[in-house]
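Accompanying notes for the structure given below.
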Amino acid sequence: MFFLLIFLLSFGKVFAQEKIITPEKFVSTSIEAIKKPFTTDKNFWLKTSLVSGTVVVSSFLDRPIKTFSQKNKSPFLNHVSDFAESFGNAYGTTGISLGLVFAGFLRKDNYQTNTGIQSFQALAGTSVLVFSFKSAFGRERPTKTNDNYNFKGIGFHNHKNTSFLSGHSAASWSVLTVVAERYYKNTVVKITSYGIAATVSLSRIYQNKHWLSDVVAGSFLGYFIGKMVVKINKDPKFSFTPFLSEKQSVLLVSYSF
């Protein structure tokens, strides 16, 4: 599926040329941080409430979905799940971004190159937020408990207590949403991109690595970060900079007057 995606983009119509995103723009320090980073969309708080409500409602289905998925295993689904998982890990998501960058360079297609760069921007920002959520909630994974409301609270948790939210889901949705948004006129690319992301998300439940609500939250996060990155890069007055250290993680969105 990865090579299919690169193939579809590499042999499709070359979009209007752009200037390649510079390293300075990629990691630029913003002039003024927006206190409410997503308020460029007047409906942000409504969307946030709806997403939060969806995550809460999905948590009521965590245990039934876990039971159903674990009782309905098959060799075919095992292979599909293992294959999909590779698209959500660090190697898979980074590979998609770099593949687009290098394919764009080879074709002298700055639009495709910038798509790869923007997808990596989305991946970097999403990684910061995923780390923040996992540290803030400390939710126990379904492989270790049947209590889907077992949260340890704020702290640096070991792997078994980093269930909320799904990093694989968030990463794949962030990267592939950028691809889908940048090539929004190509229906095949959009279906392929979102199809891969959805399959990655479902694989995390099937493999019993995450609760349903972890996957729902991670998918929404990745999707919205991907959308935001594309929007910010369209407006040169905005900048998007993720910071990650041992003590804190910050996603900074800024506006230059």
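Values quoted throughout were computed directly from the atomic coordinates according to the rules given, and no laboratory measurement underlies them. Just so we're clear, the structure is a prediction, and the values are computed from it rather than from any experiment. Please note: Cβ atoms are built from the backbone with ideal geometry, for glycine as well, and neighbour counts cover all protein chains shown.
Here are some notes:
- Ordered by the count of other Cβ atoms within 10 Å of each Cβ, fewest first, W45, W211 give W45, W211.
- Taking a ≥ b ≥ c as the square roots of the eigenvalues of the alpha carbon gyration tensor, segment 84-241 is prolate, as a/c is not under 1.5 and a/b beats b/c.
- Relative contact order, whole percent, for segment 87-142 stands at 27, derived from Cα pairs under 8 Å and 6 or more residues apart.
- Residue pairs, from the table K108/K227; K144/K209; K185/K231, whose Cα atoms sit over 18 Å apart: K108/K227
- The slack in the chain from T94 to L106, taken as 0.36 nm per residue of separation less the alpha-carbon distance, amounts to 2.5 nm.
- Ranked for footprinting exposure by Cβ neighbours inside 10 Å, fewest first, R107, R204 give R107, R204.
- Pairs from the table (K47/K234; K134/K234; K190/K234; K160/K190) lying more than 24 angstrom apart at Cα are K134/K234; K160/K190.
- Subtracting the Cα-Cα distance of T143 and T54 from their residue separation scaled by 0.36 nm leaves 29.7 nm.
- Interchain or long-range residues, amide H under 5 Å from R139's placed H: K152, S163, F164
- Ordering 68-79, 141-152, 93-104 by mean Cβ neighbour count within 10 Å, with the highest value first, yields 93-104, 141-152, 68-79.
- Least to most buried among L50, L221 (fewest other Cβ within 10 Å first): L50, L221
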